[in-house]
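Contents: one structure, followed by commentary.
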Amino acid sequence: MIEQRTEIVLPGKPMTETLAFFRETLGFRLETIAPADEPQTARIYGGGMRIQLDVNHTGDPGLLQVITDTQRAETCAPNGTRVRFVAATQPRKIPAADGDAVITTRAATEEWMVGRAGMLYRDLIPGRMNGHLIASHIRIPDGGLVPDNVHFHDVRFQVIYCYRGWVRLVYEDQGEPFIMRAGDCVLQPPEIRHRVLEASAGLEVIELACPAAHTTTLDHQLDLPTTNVRPGRDWNGQRFHFHQHKNAEWTTDSATGWQQADLGIANASGQIVDVSVLRVSGDTTQTVEQLSFLFLLTGSCQVTTDSRPTTELSTADCVTLPRSATFTLKNCSDDLQLLRVRVT
């Protein structure tokens with residue numbers, strides 16, 4: 001049985017000059033050429049890619065992207081193929097948080113998009129504060145195994161709060177798979193490998209990450225769980241943290257009289273992001289010192305901001321407030337609970 005191989009076909013005319021360019025400029029190796037007296041095709045290999053140059057091929061000459069540590073200007077091969085050189089590692093770009101307050105109601109954003117691993121996503125911050133922050137309401141309607149792979153994210157931070165149902169996950173160096181239940185929360189440090197294994201029917205989570213646009217990379221080499229267990233391992237100044245709702249400790253905020261449970265994310269993230277659950281009572285007007293995200297876990301209220309008129313909110317609605325924004329909550333129901341995320 002012949003081993004299956006894949007190759008890209010590009011125009012080969014003019015053959016002599018094009019072949020010389022790929023061999024001398026890009027370091028490709030010649031594998032086959034035919035016929036010898038007047039070559040019509042040549043197979044070359046380099047940088048993990050096999051190409052067939054064909055003088056009779058009239059298709060698009062294409063664009064090759066060469067990943068390298070050497071900065072070079074884009075060039076063009078004699079056959080018309082553009083060659084772009086990009087750095088092997090790109091610095092993460094984190095746009096400055098910008099924009100007015102954003103009020104997102106479930107009624108206005110009931111469109112769910114199919115995302116990674118078949119999960120359904122609802123965008124909670126349209127505009128994403130100039131690309132600084134993404135918040136997603138994610139659900140898996142059907143329970144069972146999740147078709148996920150071991151992967152990691154290039155982020156400044158990432159937080160996942162289990163809203164409804166349960167999900168079984170496994171993380172690099174954190175031991176055996178475990179179950180997150182409603183009210184539990186994890187901080188996923190930058191680049192920690194992990195995998196979603198299984199979920200209950202109707203699972204819903206709230207996920208926040210900075211920056212809004214970030215890369216997810218699959219790791220096909222690492223098997224989870226890992227042999228090593230290092231719960232205090234450092235990832236770019238952060239450590240993995242798993243808060244369980246059953247261990248929540250409630251205190252009373254002296255300024256508002258609200259009860260609050262700190263989920264321990266601030267310490268684990270190096271004070272980059274702070275997550276709490278609030279039991280709200282009474283009307284209040286506040287000015288936030290940090291970019292703040294408020295998601296209604298239960299109950300209802302009215303919210304007014306310094307840039308938005310009064311809006312009725314109910315379960316699964318949310319408000320995102322830029323730094324120094326003022327907001328007012330009124331007519332709060334007795335069962336009003338908020339998930340609050342504050343970002344430095």
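The values are calculated or read from the model by the stated rules, or taken from the named source; none is laboratory data. Please read these numbers as outputs of a predicted model, since none were measured by experiment. Neighbour counts are summed over all protein chains in view; Cβ atoms, including those assigned to glycine, are modelled from backbone coordinates with ideal geometry.
Before moving on, here are some points about what is shown:
- VAL273 closer than 21 Å to ALA209 by Cβ and β-branched (Val, Ile, Thr): yes
- Filter pass, VAL86 being out of contact with any Lys or Arg (no Cβ under 6 Å at 6 or more places or on another chain) and either buried (at least 18 other Cβ atoms within 10 Å of the Cβ) or polar (S, T, N, Q) (or both): no
- The strands (runs of 3 or more DSSP E) located wholly in region 58-104 that include 1 or more residues which are without any contact (Cβ under 8 Å) to a residue 24 or more places away in the chain, touching a Pro at 6+ places or on another chain (Cβ under 9 Å) and on the phi < 0 side of the Ramachandran plot occupy 82-87.
- Within region 323-335, residues that are more than 10 Å from SER281 (Cβ to Cβ) have Cβ atoms under 6 Å from residues that are assigned to a loop (DSSP other than H, G, I, E, B) and among the aliphatic types (A, V, I, L, M) in these pairs: ALA325/ALA101; ALA325/VAL288, counting only partners at least 6 apart in sequence or on another chain.
- Top-ranked residue in region 125-147 [being assigned to a helix (DSSP H, G or I) and in contact with an Asp or Glu (Cβ under 7 Å, 6 or more places away or on another chain); ranked as surrounded by the fewest Cβ atoms within 10 Å (Cβ to Cβ)]: ASN130
- Test: ILE179 is in the same structural domain as ALA108 (by TED's automatic domain parsing), β-branched (Val, Ile, Thr) and either out of contact with any Lys or Arg (no Cβ under 9 Å at 6 or more places or on another chain) or farther than 29 Å from GLU249 by Cα (or both): no
- For region 251-289, the tally of residues that are loosely packed, with under 12 Cβ neighbours inside 10 Å and outside any loop (DSSP other than H, G, I, E, B) stands at 4.
- Subset of region 303-317 [buried (at least 17 other Cβ atoms within 10 Å of the Cβ) and outside any loop (DSSP other than H, G, I, E, B)]: VAL303, THR304, THR305, LEU313
- Within region 13-24, at least one residue is within 40 Å of the chain's Cα centre (by Cα) and surrounded by fewer than 14 Cβ atoms within 10 Å (Cβ to Cβ).
- Test for THR32: is it over 30 Å from GLU289 (Cβ atoms), touching a residue at least 12 places away in the same chain (Cβ under 8 Å) and not assigned by TED's automatic domain parsing to the domain that holds ASN130: no
- Verdict on VAL114 being surrounded by fewer than 22 Cβ atoms within 10 Å (Cβ to Cβ) and either at pLDDT below 95 or not assigned by TED's automatic domain parsing to the domain that holds THR215 (or both): yes
- Residue check, SER300 among the hydroxyl-bearing types (Ser, Thr, Tyr) and surrounded by 13 or more Cβ atoms within 10 Å (Cβ to Cβ): yes
- Selection count, region 40-57, where residues are assigned to a loop (DSSP other than H, G, I, E, B), on the phi < 0 side of the Ramachandran plot and either touching a His at 6+ places or on another chain (Cβ under 7 Å) or surrounded by fewer than 16 Cβ atoms within 10 Å (Cβ to Cβ) (or both): 2
- Taking the listed residues LEU169, LEU203, LEU208, the one that is free of Cβ contacts under 8 Å to residues at least 40 places away in the same chain and crowded, with 22+ Cβ neighbours inside 10 Å is LEU169, with no other qualifying.
- Residue pairs whose Cβ atoms lie under 6 Å apart, sitting 6 or more positions apart in sequence or on different chains, and linking a residue in region 235-260 that is basic (Lys, Arg) to a partner that is not in a loop (DSSP other than H, G, I, E, B), are ARG239/ALA268.
- Qualifying residues in region 97-111 (those that are surrounded by fewer than 13 Cβ atoms within 10 Å (Cβ to Cβ) and closer than 22 Å to LEU329 by Cβ) - the one modelled with the lowest pLDDT: ALA108
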